[in-house]
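Below is one structure, written out as structure tokens, with a few remarks after it.
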Amino acid sequence: MHIPDGFVTAPVAAGTWLAAGALLAGGLATARRREEPAPATMLGSLAAFIFAAQMINVPVAPGTSGHLVGATLVALLVGPGRGMLVMAVVLAIQALLFQDGGITALGANVLDMGAAGCLVGWGVASLVSRGSDSPRARLAGAVLGAFLATLVGATLVALWLSLSGLYPLGGILPLVLVTHAAIGVLEAALTGAVLVVLLRWRPDLPAAGTASPAGERWFALAGTLLGVALLLAAFAAPFASSLPDGLEAVAERLGFAARERVVLPGPLADYGVPALARHAGLATAVAGVLGTALAAVLGWLIGRGLPGAGERIHR
Amino acid sequence: MREVGRPGVALLAGVGATALAGLLPAGLRGEPVLPSFCAWGLLAVAALAFLSRRAGGARTAARVLLFALPVAFLLAAPAALLAPPGRRAIVLAALLARAGTAVLLAGATAALLGPPGIVAGLRALRVPAGLVDVMEATLASLVLLGDEARAMLRARRARHPAGRPFAGLAGAPVDTVRGYGRLVAALLLRALARAERRELARRARGGAP
């Protein structure tokens, strides 16, 4: 989701802008060593495609529909470094021209949807296919990657909003993770749906291979590792202590979250929150495990017809 | 779209005002909010004054507020509930005023500058060319690809017996996923083909490779 203006404080806005800028610069510096140049026209066309694809809503259940975010898809097409650039441009246009997402929150939104989507999505896809040219493995990895990237993005959203003093992290995290487990499965399915057609119609497109310079590869894998570690911490936090604030404790130790904890009124103050949090923790864990399993099954199902490693596509 | 004389200055002022409105304290930690409310009032009046000088300005203001306030309410309501009992209403009002003023200012900036003005402004502010070039190319094909997507959806709707582009994931997941994949993949290939033609044309006119 796009965080609007007015919900991140100055330190969070500054920190996320800096981090997003540094990640973009790093990704682009490592991507620059690619052999084939990507003209701005092509990246711009891809960004416009993401815009158009985000307009196409798929009915999920009566009354709800969803759409692609597309970061993982873009990263697979042009690599994680340029993928982040494309997503940053999409998000910047949405913020500057359409007021979808705030300007102060642009850094946070680039991290949540752009960087998480491109680095984690691409990284998981590349880890699952282990650099082979197997379209089937590549697709399975992309589907799982799109799911995990959504969860990493959701964790980051929760982190920014709680560091901004809006809610306690332990309260918002389970809510965000459970809803985004469902949203992530949708993103995984839609990413897979598009990718499987692309791999069939145009096996020559870069989505079919992992051709990336070593620097960009390591950059994306480091980002993936960081993202997945964050995700594990988010899932483990409710079980680690009675008050599910493992991440908050870390943040406080690092010195960024020196805010007094929000005091809940009435009977909730003494016993309600830890018990509630434990249930929420359980729900989060169940949603996470179920979602991951579902994404893995989807990746296998969607990619069934594709050739594996060493096989060729018969046309 | 009337051209703005100094797009860099205008963009900086608009973005700065938006950031100022969005970062003023909203009383979450018990700070006084009266000064913030005064500032939001002034900034909102300024945004509305700028917007009213343009045709359709009132409509722009209404559109950005209608679009932003539900999201703002969704984010602000739980935060207000967590505030001490006596301060809930004031925190909610402050969060909504903060988000509303910021989005009005951002909307006024966008309406004043328009897409070409924003690109020119970013160039004037020395945002890296790699980023602005891609943004300019995006804006050049944004409307066309949007129309393309709408046309493809209309064609699917016309072919579908129930008059919908997709049957829906709940009823027919396989058909929906397959149809969606084909539509979006085709859209992507059209976007890439379009990029290739544009790039060839650009080089034919003497653009650097």
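FYI, it's all coordinate maths here, none of it is from the lab. Just so it is clear, the structure is predicted and the values come from calculations on it, not from any experiment. Note that each Cβ is placed from the backbone with ideal geometry, even for glycine, and that neighbours are counted across all protein chains shown.
Calculate one ³J(HN,Hα) per residue across the range B:143-151 by plugging θ = phi - 60° into the Karplus curve 6.51 cos²θ - 1.76 cosθ + 1.60, and present them in order as whole Hz with x for glycine and proline.
Working through the residues one at a time gives 5, 4, 5, x, 4, 4, 4, 5, 5 Hz.
Using the basic label-point model (7 angstrom from Cα toward the beta carbon), what is the B:Ala155 to A:Arg33 distance in nanometres?
If labels sit at B:Ala155 and A:Arg33, their model points lie 4.3 nm apart.
Apply the a/c threshold of 1.5 to the C-alpha gyration tensor of the range B:113-209 and tell me whether it is rounded, prolate or oblate. Before the final figure, lay out the partial values.
Details: a/c = 3.05, a/b = 2.23, b/c = 1.36.
Because a/c hits 1.5 or more and a/b exceeds b/c, the range B:113-209 counts as prolate.
Taking each residue of B:166-179 in turn, how many C-beta atoms of other protein chains fall within 10 Å of its C-beta, and what is the average?
Mean partner shielding for this stretch: 4.
Apply the a/c threshold of 1.5 to the C-alpha gyration tensor of the protein assembly as shown and tell me whether it is rounded, prolate or oblate. Intermediate values should be presented prior to the final figure.
Details: a/c = 1.66, a/b = 1.18, b/c = 1.41.
Verdict is oblate for the protein assembly as shown.
Considering the zone a paramagnetic label at A:Trp300 would reach in this model (a point 7 Å from Cα along the Cα-to-Cβ line), which residues of the range A:99-136 have amide N under 15 Å from it?
Counting only backbone N, you get A:136.
Just to check I understand the Karplus step: with θ = phi - 60° and J = 6.51 cos²θ - 1.76 cosθ + 1.60, what whole-Hz values come out for the range A:65-81, glycine and proline as x?
In residue order, the calculated couplings are 9, x, 9, 6, 8, x, 5, 5, 4, 5, 4, 5, 7, 10, x, x, x Hz.
Could you order the peptides A:44-50, B:92-98 from most to least packed, using the average number of other C-beta atoms within 10 Å per residue?
A:44-50, B:92-98
Scan around B:Ala83 for amide H atoms under 5 Å from its own, H built in the peptide plane at 1.01 Å from N, and keep only partners 5 or more places away or cross-chain.
The answer is none.
Which value at 222 nm does chain B reach when only helices count, each DSSP H run of 4 or more adding -39,500 (n - 2.57), with the total divided by all residues and rounded to the nearest 500 deg cm²/dmol? All intermediate terms of the calculation are to be shown ahead of the outcome.
Working: 6 runs with 161 residues, N = 209.
About -27500 deg cm²/dmol.
Please give the helix B:57-81 orientation as an angle from the longest Cα principal axis of chain B, in degrees from 0 to 90, rounded to the nearest 10.
It is inclined by approximately 70 degrees.
What does the net charge come to around A:His2 if you take all other residues with beta carbon closer than 11 Å to its beta carbon, with K and R at +1 and D and E at -1?
That sum, taken over residues with Cβ under 11 Å, equals -3.
Amide H neighbours of B:Leu169 under 5 Å, at least 5 residues apart or on other chains, H built in the peptide plane: list them.
Those lying under 5 Å, H to H, from B:Leu169 are A:Val60.
If packing is taken as the average number of other Cβ atoms within 10 Å across a peptide's residues, how do B:44-57, A:16-29 rank, most packed first?
A:16-29, B:44-57
Could you tally the net charge around A:Gln99, taking each other residue with its Cβ under 13 Å from the Cβ of A:Gln99, Lys/Arg +1 and Asp/Glu -1?
After counting each charged neighbour, the total is -1.
Bins of 10 Å, beginning at zero and ending with the bin holding the largest distance: percent of Cα pairs per bin for the range A:1-73, please.
Pairs per bin, as whole percents: 14, 29, 35, 20, 3.
Residue by residue through the range A:181-189, what is 3J(HN,Hα) from phi via Karplus (6.51 cos²θ - 1.76 cosθ + 1.60, θ = phi - 60°)? Round to whole Hz and write x for glycine and proline.
5, 5, 4, x, 5, 5, 4, 5, 5
Residues with amide H under 5 Å of A:Asp133's amide H, sequence separation 5 or more or different chain, H placed in the peptide plane at 1.01 Å from N; which?
Answer set, sorted by chain and number: A:Gly310.
Averaged across the residues of A:189-202, what count of C-beta atoms belonging to other chains lies within 10 Å of each residue's C-beta?
So the per-residue partner count for this stretch is 5.
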